[in-house]
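Engineer: Handing you this structure, nothing more for now.
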Amino acid sequence: MKYSSISHLSNQPSRIVQGTIPLTSKNEDASFRLLDAAIEAGVNTFDTAHGYGGGDQERVFGRWLKARNCRDNVIILGKGAHHNSDRRRVTPYDIESDLHDSLARMQVDHVDLYLMHRDDDTLPVDEIVDALNRLKNEGLMQAFGGSNWHHTRIQQANDYALANGLQPFSASSPNFSLAEQYREPWLNCVTISGDSNAAARDYYRENQFPVFAWSSIGGGFFSGRMDRDKLDWDDYFMKLAVDCYAGETNLIRLDRVREIAKRKDCSVPQVAMSWVLGSGLNLFALTGGTTPEEITETAKAIDITLTPAEHAYLNLERDTSE
């Protein structure tokens, strides 16, 4: 595994981050084995959120932390202030309320990196930055940032923070993968994939601002299960991957990923993950392995390097990968 520093974090997060959506109290033993496998693969960073499963995932994760006595060796990426069907909840009150709920569920006194799960661009960034700094000063988080925030809003927040002697955002978490997103899977998502989002990628690349990319293998599009002949799924997440990513351009990319995976004797998700990690961004890839075997295999992508020709081939910039 590889690790890298994030401003204001005391420990270095792993470049591959395991999501907690697969955790469930209905099968806690299997959930614990999943988390154990991540640790064994060198993953030390876990993506959590106030909104996942009505809090069930956070509670299971907290019980695992306590059972394994490993809080000091784990980096918690927490998220809160998600919109609901009634209103946009990116307010100082909601930020603090969601954070305290999450801390209680996970039985911890702070999260390491806290991200606003959504943005509300009708609010001035100063209210949000002020609230996050107050919570940071109370010891409830070390660093903070935005998930599904446009890079322009990130810059506005940091301009305000630096002009007022406050701690700025340390990270951003948009969608990013080899698969271009044709339809947002959930409302108010922000993606930096595809030609239309080149300006956002340029911003992150030029500033080397940390990007925690969600759905880094296209929400399962590059899981190895998808192909042209099977686009009809009962599985919720695979159906979502078809709805959001299964256009012809991405299917061509999938064909090419399979070709390179066969030549390199590795898997489809490993090639797709290697492409993301080799994108030139200061990138941490969020992934949602559902079995210990998936986690172990995905983590091996950190040691797979694609050539410039292979990158260009997957980017559809040339017709051969050699």
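The values are calculated or read from the model by the stated rules, or taken from the named source; none is laboratory data. Fair warning: this is a prediction, and the values are worked out from it, not measured in the lab. Note that each Cβ is placed from the backbone with ideal geometry, even for glycine, and that neighbours are counted across all protein chains shown. For accessibility, only protein heavy atoms count, side chains too; no ligands or nucleic acids. Shrake-Rupley method; radii C 1.70, N 1.55, O 1.52, S 1.80 Å.
Engineer: Could you please put R105, R33 in sequence from largest to smallest accessible area, using a 1.4 Å probe?
Structural biologist: R33, R105
Engineer: Given a cut-off of under 8 Å on Cα pairs at least six residues apart, what relative contact order in percent is computed for the chain? List each step's numbers first, then the result.
Structural biologist: Numbers: 594 pairs, mean separation 56.4, N = 322.
18 percent.
Engineer: If you don't mind, another one. Determine how large the accessible area of I304 is when every protein chain is in place; take a 1.4 Å probe and give Å² rounded to the nearest 10.
Structural biologist: Counting only protein heavy atoms, the figure is 40 Å².
Engineer: Please report the antiparallel percentage of the DSSP beta bridges confined to the chain, to the nearest 5.
Structural biologist: Numbers: 2 of 28 bridges.
About 5 percent, rounded to the nearest 5.
Engineer: For K66, go through the lysines and keep the ones whose alpha-carbon is under 19 Å away, minus same-chain ones fewer than eight residues off.
Structural biologist: Leaving aside lysines fewer than 8 places away in the same chain, those within reach of K66 are K26.
Engineer: Ignoring ligands, DNA and RNA, what percent of the accessible area of the chain is carbon or sulfur (1.4 Å)?
Structural biologist: 47
Engineer: Mean-square fluctuation check for the chain, GNM, Cα pairs under 10 Å: which of F237, F212, F284 is largest?
Structural biologist: Maximum among the listed residues: F237.
Engineer: Work out the length of the dipole vector of the chain about its Cα centre, built from +1 on the beta-carbon of each Lys and Arg and -1 on the beta-carbon of each Asp and Glu, and round it to the nearest 20 debye. List each step's numbers first, then the result.
Structural biologist: Details: 33 positive and 46 negative charges, 93 e Å.
Once rounded to the nearest 20, the dipole reads 440 debye.
Engineer: Let me know the charge dipole size of the stretch 1-158 about its Cα centre in debye, to the nearest 20, where only the beta-carbon of Lys, Arg (+1) and Asp, Glu (-1) is charged. Could the numbers behind the result be given before it?
Structural biologist: Working: 18 positive and 22 negative charges, 85 e Å.
That gives a dipole near 400 debye.
Engineer: Another one. Compute a Gaussian network model of the chain, connecting alpha carbons closer than 10 Å, and tell me which residue from K66, K230, K239 fluctuates the most.
Structural biologist: In this elastic network of the chain, the residue with the biggest mean-square fluctuation among K66, K230, K239 is K230.
Engineer: Hey, another quick one. Round to a whole angstrom and tell me the spacing of the C-alpha centers of the stretch 245-322 and the stretch 92-167.
Structural biologist: With the stretch 245-322 and the stretch 92-167 each reduced to a Cα centre, they are spaced 32 Å.
Engineer: Here's something else I'd like to know. Name the residue from P174, L35, S7 whose Cα lies farthest towards the positive end of the charge dipole of the chain, charges +1 on Cβ of Lys and Arg and -1 on Cβ of Asp and Glu.
Structural biologist: Among P174, L35, S7, the one farthest towards the positive end of the dipole of the chain is L35.
Engineer: Related question: Among H83, N73, N133, whose Cα sits farthest toward the positive end of the charge dipole of the stretch 57-136 (+1 at Cβ of Lys/Arg, -1 at Cβ of Asp/Glu, about the Cα centre)?
Structural biologist: Of H83, N73, N133, it is N73.
Engineer: GNM, the chain, Cα, under 10 Å: largest mean-square fluctuation among L135, L166, L123?
Structural biologist: Comparing L135, L166, L123 in a Gaussian network model of the chain, the most mobile one is L123.
Engineer: Spin-label point model (7 Å from Cα, Cβ direction): what's the S321 to E293 distance in nm?
Structural biologist: 2.3
Engineer: Then there is this: The stretch 187-228 to the stretch 25-81: how many Å between their Cα centroids?
Structural biologist: Taking the Cα centre of each part, the stretch 187-228 and the stretch 25-81 sit 24 Å apart.
Engineer: Here's another thing I want to ask about it. Just how large is the dipole of the stretch 158-245 about the Cα centre, in debye to the nearest 20, putting +1 at every Lys and Arg Cβ and -1 at every Asp and Glu Cβ?
Structural biologist: Details: 7 positive and 12 negative charges, 29 e Å.
It comes to approximately 140 debye.
Engineer: At a 1.4 Å probe radius, which order do Y236, Y245 fall into by accessible area, largest first? Please list the in-between numbers first.
Structural biologist: Numbers: Y236 130, Y245 5 Å².
Heavy-atom accessible area, descending, gives Y236, Y245.
Engineer: So what is the relative contact order for the stretch 72-122, in percent, with contacts set as C-alpha pairs under 8 Å and at least six apart? Write down the numbers at each step before the final one.
Structural biologist: Numbers: 58 pairs, mean separation 26.4, N = 51.
Value for the stretch 72-122: 52 percent.
Engineer: Let me ask you something else. Mind checking the per residue accessible area of the chain for me, 1.4 Å probe, whole number of Å²?
Structural biologist: Numbers: 13860 Å² over 322 residues.
Each residue of the chain exposes 43 Å² on average to a 1.4 Å probe.
Engineer: Using per-residue counts of other Cβ atoms within 10 Å, averaged over each peptide, order 196-208, 7-19 from highest down. Don't jump to the answer; show the numbers that get you there.
Structural biologist: Details: 196-208: 14.7, 7-19: 19.9.
Put in order of decreasing packing, that is 7-19, 196-208.
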